[in-house]
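Working notes for the structure below.
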Amino acid sequence: MAPLTIITMFFLWARSMLTVQGGDPTITFEWKVTYGTISPLGVPVKGILINGQFPGPNINSTTNNNVIVNVFNNLDEPFLLTWSGVQHRKNPWQDGVLGTNCPIPPGTNYTYKFQVKDQIGSYMYYPVTAMHKAAGGFGGLRINSRLLIPVPYADPADDYTLIAGDFFNKGYTSLKKVLESGRNLGRCDGVHINGKVAKGDGNEEPLFTMEAGKTYKFQGHTMKLVEMEGSHTVQNDYESLDVHVGQCFSVLVTANQEPKDYFVVASIRFNKREVIATGVIRYNNGKGAPSPKLPPPPVSWAWSLNQFRTFRWNLTASAARPNPQGSYKYGSINITRTIKLANTAHKVDGKLRYALNGVSYVEPTTPLKLAEYYKVADKVFKYDNIPDDPPSEITKVTMEPIVLNMTHRNFVEIIFENRETAIQSYHLDGYSFFAAAIETGNWSPEKRKNYNLLDAVSRHTIQVFPKSWAAILLTFDNCGMWNIRSEVWDRRYLGQQLYASVVSPNKSLKDEYNMPDGALVCGVVENMPKPPPPYT
C-alpha cells in the first residue's frame, strides 16, 4: 500500500515563551474530522473527511508563519495527524507521531501550534493512527517564500496541488484486520489523483483550468522541476517524473499546447500489474476531450535510478534553507557514526512482521518522548537496541520499540539497505538530509567514493530499490525524538520504523523547548505529576 505522493504546482507555542514569534503572522484553522462516504474508484466506502472534504483542505502558509490547527476528533477511535516534512526545530511536541504524542481521544479536540520556520516548498499532512491513512485525513501543506526572499523562477499564473495514492475498496478497518492476521495487503484496487479518477469524456469537472500561454505550478505537459521537499533544484525538464511514496515535488508547466482537455497521469510501476489513474486539466475556452492514448510509462527501475542522479540542489538560489546548520560543504565534514539499517520480512509466531536490523517496532502505550521527559524511559524502551552494523544474514526477529541514542550535533551517515524484492521509501522527521547516493548491490566503505558530496538535494524522503542501498548524510542538531519510518504504510504498521533521540547536553531552551501546557498525556505517565521544566 503506497499512499501518498504529492506534486505541488506552485510553532511550538507555550505560555509566553520563545516558541511562537510575536512579530510573525499567525494562520488559524479549525478542523472537524468525521467519517463519510468516499468513492475514489467508483465504489462507495467508509472514509475519513476533514471539514467534509476528501482529500482534506490545503494549508497555504509562508515561511515563519505561526500555524494553529484545532483538530476535533469526531471519530469513534483515537486519531493523530503528522505534518510530514515540517521540521519543527527544537519542537518534537507538535510532530504528531505516536512516539511523541498521545492520540486525540474520540469526542475531544487537540490544538497543534507550530511555526513553519526557515523552510519553503511542498509538504503534506496525514494520519498516523491505525490504517487511517488509507481512508483519508490527508492533504497538502505549502510553505511559500516571503516576498523579501526571491525564488529562482518567475511567479506562475497559479499553483495547484496533486496528491496521488493507491486505494483499496475493502476499507481501512478490513486492511487493519488483514495485517493483524499476519498477511500482507496484496495489490491495490486502483490509484486516485486528488481523490478521483477521470474518465476523460468531456463531461466531468477538471482538476484545474489553464489559460493558454501562461505558466503554472503543477504536473502535466513537459515539467520543469524547480523544488523537491524544501530545496530548490537545478531546473531540468522532464516528460515523466518518478515520485516515490512520501516524496514531494514542485514543477512548472507552460500551457503551450492546443487548447483542449489533457490528462495528467499517475501510475504505479515496478509491479506485475500496471495501475493507472488520470485527471483532467482543461484550457480556458478549449474544445475537445483528452486523447485516450496515454504515453507508456518507463518500465525499468534502472530508469528511475538514472533519473535520481539528475536531481541536483540549486546552490545559487536565494531562499529559506532546509538545513539551518548551513553545511553547504557537507562533503568535507567528518562522519562520526555510520548506521546501517537493513529491512527484512519475517514471520513471528506465524504472522508477518517487517523489521530493521532484526527488530520489528512495536508501539508502546506511552509515547517515547513523554517517557523520556518524565524520566521513566527504562519502563518503556531501551536505547540502542539494534546494532549499527547488522549481520549479513538476519534469521530471527524480535518485537520491541527501537530507539537510537544520537549525540547532539554529530554528523551521521545512515545506509538504508534493502534486502527485499520490493522498492522501499524512507522518511526522517525533524530534518532534511543530503541524499548522497543510491546504488545496487551491497554497501561497503569503498562506496563512499561514489557519493555526491557537492550538490546532493537536501530532502526528507528517499527511495531504496530492491537488493540496493541508499546513503544519506546529516547533522543531528535538532533536539527531540524523531521518527525514521517506511512510508509504505503497511510496512510501517508492521514494524519497519524506529526513533532517533537527540537530547540537549546543556538542558537549554536554545536547543529544545519544554513540554507545552495542554499536551496530551497517556500510558504510564498519565497520572504522574508533570515534571518541572528541564530546559532553561
(request) Look at region 386-397 and say how many of its residues are surrounded by 15 or more Cβ atoms within 10 Å (Cβ to Cβ) and more than 25 Å from the chain's Cα centre (by Cα). (result) 3
(request) Can you give me the ranges of the strands (runs of 3 or more DSSP E) entirely in region 219-278 with at least 1 residues that are open to solvent by 30 Å² or more (accessible area, probe 1.4 Å) and of a type in the set (V, I, T)? (result) 248-254, 261-268
(message) Need pairs with beta-carbon distance below 6 Å; first residue within 18 Å of V502 (Cα to Cα) and not assigned by the TED database to the domain that holds S432 and within region 77-102, second open to solvent by 10 Å² or more (accessible area, probe 1.4 Å) and of a type in the set (D, E, K, R); sequence gap 6+ or separate chains.
(response) R89/K117; L98/E363
(message) Can you name every one of the strands (runs of 3 or more DSSP E) wholly within region 129-196 that holds 2 or more residues which are open to solvent by less than 20 Å² (accessible area, probe 1.4 Å) and within 21 Å of N65 (Cβ to Cβ)?
(response) 139-144
(request) Identify all residues within region 81-124 that are among the acidic types (D, E) and surrounded by fewer than 21 Cβ atoms within 10 Å (Cβ to Cβ); write none if there are none. (result) D118
(message) What's the number of the only condition in (1) outside the structural domain of R448 (by the TED database); (2) open to solvent by 20 Å² or more (accessible area, probe 1.4 Å); (3) touching a Gly at 6+ places or on another chain (Cβ under 6 Å) that P290 fails to meet?
(response) (2)
(request) Within region 420-437, track down each residue that is touching an Asp or Glu at 6+ places or on another chain (Cβ under 9 Å) and either of a type in the set (G, A, S) or open to solvent by 10 Å² or more (accessible area, probe 1.4 Å) (or both). (result) S425, G430, S432, A436
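The values are calculated or read from the model by the stated rules, or taken from the named source; none is laboratory data. Model, not experiment: these values are computed from the prediction. With ideal geometry, Cβ positions are generated from the backbone for all residues, glycine too; neighbour counts draw on all protein chains shown. What goes into the accessible areas is simple: the full protein's heavy atoms, side chains included, and nothing from ligands, DNA or RNA. Shrake-Rupley method; radii C 1.70, N 1.55, O 1.52, S 1.80 Å.
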